[in-house]
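Below is one structure; the comments refer to it alone.
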Amino acid sequence: MHKSQMLINGELVASLSGKVEIIRNPANQEPVAEVSVGSREDARLALEAAKAAFLEWSRTTSTLRADLLHEAARLVRKRSEDIARLLTMEMGKPLKGSRLEILASADTLDYYAEEGRRNFGQWITSSNSRSIVIRQPVGVCALITPWNFPVDLLAWKVGPALAAGCTLVAKPPSQAPLAATEFIKAVSEAGLPPGTVNTVHGPGGEVGAELVENPISRKIAFTGETGTGKWIMEKAAKQIKRVSLELGGQSPFIVCADADLDKAAAACAQRAFNNMGQICISVNRIYADEKIADEFTSRLVVRTKRFKIGSGLESDVDLGPMASEAQRQKTKEHVADALRKGAKLLYGGHEPEGPEYENGFFYLPTILSGTNHSMKVMREETFGPVAPVMKFKSLDEALALANDTEYGLAAYVFTESLKTAIYAAERLEAGGVGVNVNSVVDMQAPFGGWKQSGVGRELGHYGLEAYLEIKHIRVGL
Ligand code: NAD
């Protein structure tokens, strides 16, 4: 069985307590790997190692850091098949999705290898002095990530942190630490000085909490639930630590009467059900113009029925199991709540039938119509494969409904009119708006949330800035 240890100061180590846990495949609950489970003491050791490595790493040139990051990307690509299989086995996503995730993570390292060279300053001329503005690495960073994209979301942090000259301790999610750890190992083996990258496994409330509370970490980069993000922000406030928080979402998808309905239905089905809806920018609420709502919804059902469901390791599978029984239970509860309050079930709403599904956390992609804002599916983050449709009469009504949420991560609008697209995009309260596309992720552009979906931005040059402090050097003449 695969064994996953922690990486501290360049060495793979077991936890100080010797505690281990078994990670099981959510498709059949068979054991996949044994993981060392750390505690606050292990986290402290990792932070000390990152602190000791900081002086040397922060003084390396951006050219050297670029070379090492490119080499890290090469190693991740070389090992991508093995890492992808681990990812599928620990959290269920189909292998084709896992492969894309690992390759995208390597691309992110390549991108930040080059973006790190663009750490520019300023020269300001005054009458009796000159002001030089430079940007320097924040210091030791704690990177805390969730289980739904455990490698990609870590790469979004590791790439810019290292490019900026920061050292780091990564805390992968307890329920899916395997692929993330292999990714960190590959980065370390690219030739980084020991202690530059470290990883500690263990419970968020213990290992994660130590990384947040220990004064050694100067910045916390976190992706996860809004509730956890609030806790981290409170603790960070006590030491005025820098935070980047990528939190929950409840993304609206508006279909206007003039939309290309086939394109909209395909995009909607893919973004509502991919990764079993366990994506922060999943389509969570669909608002369709009443003139086309029934036609759009029937095309959405047709598209959804085509998905092949099964264990992620089988070929051609589109949808795997959910990552855990807890996720499936929450989804069932939200669907039951909607049905109790008058929603109509158009597809799914239960587990698929057959012996191959019996031991896994499978659930059919589910489409509901006749939904409204009294239902949990429209108000809370289900983080499951549910697509609830609601009709609207005017675009302003749709926009008001779309903005009627504490979240503000992604929003989508489908229309053939440029004027409508701009009108809607400017009014939607979200960090990313997709017009006739079903994703707001582009490595070169900022990603992040408004309102309770987060603070700060990842990706693009903004992602690098998040790991840099500004210094003004005033030279008297
Ligand atoms: P989570 O908040 O439970 O856990 C995320 C990470 O935080 C894990 O590594 C966990 O161990 C750690 N953690 C838990 N408690 C902690 C504490 N007190 N201190 C420090 N660390 C702690 O989230 P999850 O269930 O793993 O992930 C799903 C959530 O992540 C969803 O809400 C989803 O929307 C969100 N998410 C957001 C984005 C985004 O970019 N905005 C992307 C993916 C997922």
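General remarks:
- Flag for Val187 being away from the ligand (no atom under 16 Å from the Cβ) and buried (at least 21 other Cβ atoms within 10 Å of the Cβ): yes
- Criterion applied to Pro150, Pro160, Pro146 was being at pLDDT 95 or above and open to solvent by 10 Å² or more (accessible area, probe 1.4 Å), and the one residue passing it is Pro146.
- Among the residues of region 258-295, those identified as touching a Cys at 6+ places or on another chain (Cβ under 8 Å) and buried (at least 24 other Cβ atoms within 10 Å of the Cβ) are Val283, Ile286.
- Hits in region 194-249 - residues which are more than 9 Å from the ligand (Cβ to nearest atom), in a loop (DSSP other than H, G, I, E, B) and surrounded by 17 or more Cβ atoms within 10 Å (Cβ to Cβ): Gly195, Thr196, Val200, His201, Asn214, Ile216, Ser217, Arg218, Lys241
- Taking region 5-35 as the range and being under 20 Å from Asn214 (Cβ atoms) and either in a strand (DSSP E or B) or aliphatic (A, V, I, L, M) (or both) as the test, the residues that pass are Met6, Leu7, Ile8, Val13, Leu16.
- Annotation note: Cβ proximity below 6 Å between a residue of region 447-476 that is acidic (Asp, Glu) and away from the ligand (no atom under 16 Å from the Cβ) and a residue that is modelled with pLDDT of 95 or more and open to solvent by 60 Å² or more (accessible area, probe 1.4 Å) (sequence gap 6+ or interchain) occurs for Glu469/Gln136.
- Residue within region 38-52 that is part of a loop (DSSP other than H, G, I, E, B), at pLDDT 95 or above, open to solvent by less than 10 Å² (accessible area, probe 1.4 Å) and touching a strand residue (DSSP E or B) at 6+ places or on another chain (Cβ under 8 Å) present: yes
- In this structure, Asp318 qualifies as acidic (Asp, Glu) and within 23 Å of the chain's Cα centre (by Cα).
- Here Pro137 does not fit the description of being near the ligand (Cβ under 8 Å from one of its atoms) and surrounded by fewer than 24 Cβ atoms within 10 Å (Cβ to Cβ).
- Matching residues, region 252-283, being within 10 Å of the ligand (Cβ to nearest atom) and either farther than 26 Å from Arg379 by Cβ or of a type in the set (Gly, Ala, Ser) (or both): Ser282
- Single condition Trp231 does not satisfy, out of (1) in contact with an Asp or Glu (Cβ under 9 Å, 6 or more places away or on another chain); (2) at negative phi; (3) not β-branched (Val, Ile, Thr): (1)
- Leading residue by the ranking (nearest to Ile279 (Cα to Cα)) among those in region 152-208 that are more than 15 Å from the chain's Cα centre (by Cα) and acidic (Asp, Glu): Glu182
- Flag if Leu95 is within 16 Å of the ligand (Cβ to nearest atom) and of a type in the set (A, V, I, L, M, F, W, C): no
The values are calculated or read from the model by the stated rules, or taken from the named source; none is laboratory data. On a predicted model such as this, the values are computed, not experimentally measured, just so you know. With ideal geometry, Cβ positions are generated from the backbone for all residues, glycine too; neighbour counts draw on all protein chains shown. Heavy atoms of the whole protein, side chains included, go into the accessibility calculation; ligands, DNA and RNA do not. Shrake-Rupley method; radii C 1.70, N 1.55, O 1.52, S 1.80 Å.
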